[in-house]
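Written out below as structure tokens is the structure these notes cover.
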Protein chains: 2
Amino acid sequence: MNTLGARPVVVAKSAATAHCIECGARGRSVCNAISERDLDRLAAVAVPKRIEKGQVFIEEGEAAVDFFNITTGTAKLYKMLPDGRQQITGFAGSGHFLGLAVSDTYAFTAEAIETVDLCRFSRPKLRALLDDFPLLEKRLLETACNELVAAQEQMLLLGRKTARERVASFLASRHTETVGCGKRSERVALPMTRAEIADYLGLTIETVSRTLTRFKSEGKISLPSRDEVEIIDPHWLLGVATGEDSHAAFV
Amino acid sequence: MNTLGARPVVVAKSAATAHCIECGARGRSVCNAISERDLDRLAAVAVPKRIEKGQVFIEEGEAAVDFFNITTGTAKLYKMLPDGRQQITGFAGSGHFLGLAVSDTYAFTAEAIETVDLCRFSRPKLRALLDDFPLLEKRLLETACNELVAAQEQMLLLGRKTARERVASFLASRHTETVGCGKRSERVALPMTRAEIADYLGLTIETVSRTLTRFKSEGKISLPSRDEVEIIDPHWLLGVATGEDSHAAFV
DNA sequence: GGGCTTCCTTGATCCAGGTCAAAAAATGCC
DNA sequence: GGCATTTTTTGACCTGGATCAAGGAAGCCC
């Protein structure tokens, strides 16, 4: 895997390249469209930056001058109504590319919910990179399509699912996402607060809390700490999440 | 604009080219990424097809073998839960490109709500076209981004807006979309039934009907026929749609 | 380790919008 | 044009989840 030994001269020519080569997020991000030997081109335009918890780094309505790629940590993406009602449209973790809007203003706000490390790309520099690496553009299109599919799934959740089904969907999707990361499969991290879960699921904090308590008392999950859930019965949870008729009958 | 006279030989070499050159949807679709002189390449892989009202031409979960581009008419795109609950994720009109999912199965169902004319592209042929016309890929990415922005807006609507705000948003967006088409601006066509509006807004048919009646009795709209709305007070409607505090106060 | 603050849970009550029911209007079909 | 069907409107009532209101449990900072 490590080809450093094979190409010492190229790597050495730019110390900045290191942060891309060593980047833990590369494998799961659009950056993997660029081969290791061209990585210095990428590294030259990617500006690493640390965002502290609670800090907003993209603001809805502001000029979209930069794109971002998250290396570590999690951010919430949301839209707001003038009276303060908030809808979180997604949580962006390691490898997530942000700012895809074509329009010249951002369509959502992004705020770190834990310390986030990311790479910043200026619009024109990314544009130049896209022209030189068509594969990168293909990967971006893929990413956008995947997000579109996820967005449609979320519309189904917000428009038609019950509170129980929403919370079950949330836990189930967190569960399946986590499995891939090599962690213990049944423990799911919840880096977000109950309020953030509520704003993501179109519910109130109280309903989220009550529903979790309910699942716990039904023996389907346990809540070892406030930011962790143990999924005891993943199959049951998935059934509820997908609105299986049988589960709706027994309350 | 018409370059037919300048290049009679090229155009004549394929009679099939005509349907792309004359296509009314070209201007607003991704096809405008391909210049008129290369249009025969596009025409060679685009298979025109007519879909009658009520006919399903993309089915959720089935192998994604084709892509479609709507020429005329409107289709509804939806996802369903096993017990029949339905969420319409969007209405696709002239120029809309469908089937963008990278995955090998469709993520939603598409059904014509009025007679639809479309062009069908097989996956491999479109892929080849994309490799030859990078601009087409750029346009697809743009399209996907725009849809993503619309999806986020819809999540805000479904997760956080009241029934009144949802119906107002729906009418307002229909209104602004219609303006561009050169029709009389205040008359908005509703090719979909109340049930379809309800499934799009995450409401019931009764709530949609009552809300429209309410707007009418408040003098903000009129309902000349069941598939048409006249927007009497667009500014007021937009205010309600965007959740302006003031409008929430006076009921 | 004690007081602060923030986050979470639980209980009581309320209401927007859903459900059920039926009439009215539009459309289609011989 | 008249009957059947579908769609829409309207009314009465109900309920899931929101709202309001306390408590309780973690963190966190001196």
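The values are calculated or read from the model by the stated rules, or taken from the named source; none is laboratory data. These numbers were taken from a predicted model, which means no experiment stands behind them. Neighbour counts run over all protein chains shown; Cβ positions are idealised from the backbone, glycine included. Accessible surface is based on the protein model in full, side chains and every heavy atom, while ligands, DNA and RNA are left aside. Shrake-Rupley method; radii C 1.70, N 1.55, O 1.52, S 1.80 Å.
Residues in region B:165-176 that are within 14 Å of DNA strand D (Cβ to nearest atom) and more than 17 Å from B:Thr89 (Cα to Cα): B:Glu165 alone. The set of residues in region B:94-136 that are assigned to a strand (DSSP E or B), of a type outside the set (A, V, I, L, M) and within 14 Å of chain A (Cβ to nearest Cβ) comprises B:Phe97, B:Thr105, B:Thr109.
Inspection of region B:83-90 identifies no residue that is surrounded by fewer than 20 Cβ atoms within 10 Å (Cβ to Cβ) and in a helix (DSSP H, G or I). Counting only residues that are in a helix (DSSP H, G or I) and of a type outside the set (A, V, I, L, M), region B:192-202 holds 4 of them. Residues considered: B:Glu196, B:Glu137, B:Glu111. Of these, the only one that is under 30 Å from A:Thr109 (Cβ atoms) and surrounded by 17 or more Cβ atoms within 10 Å (Cβ to Cβ) is B:Glu137. For A:Arg174, the criteria (1) more than 16 Å from DNA strand C (Cβ to nearest atom); (2) under 20 Å from the mean Cα position of the chain (by Cα); (3) among the basic types (Lys, Arg) hold in every case but one, which is (1).
Looking only at residues that are of a type in the set (D, E, K, R) and within 14 Å of DNA strand D (Cβ to nearest atom) in region B:140-163, which one is least open to solvent (accessible area, probe 1.4 Å)?
My answer is B:Lys161.
Within the group A:Glu142, A:Glu137, which residue is acidic (Asp, Glu), in contact with a Lys or Arg (Cβ under 9 Å, 6 or more places away or on another chain), farther than 30 Å from B:Asp83 by Cα and in the same structural domain as A:Gly24 (by TED's automatic domain parsing)? From the options A:Glu142, A:Glu137, the qualifying one is A:Glu137. Restricting the first member to region B:203-222 and to residues that are at negative phi and assigned to a loop (DSSP other than H, G, I, E, B), and the second to residues that are open to solvent by less than 40 Å² (accessible area, probe 1.4 Å) and near DNA strand C (Cβ under 10 Å from one of its atoms), the beta-carbon pairs closer than 6 Å and six or more apart or on different chains are B:Leu203/B:Ala163; B:Thr204/B:Ala198.
Suppose we keep only residues that are more than 14 Å from chain B (Cβ to nearest Cβ) and small (Gly, Ala, Ser) within region A:200-230. Which one would you say is nearest to DNA strand D (Cβ to nearest atom)? So the residue we want is A:Ser225.
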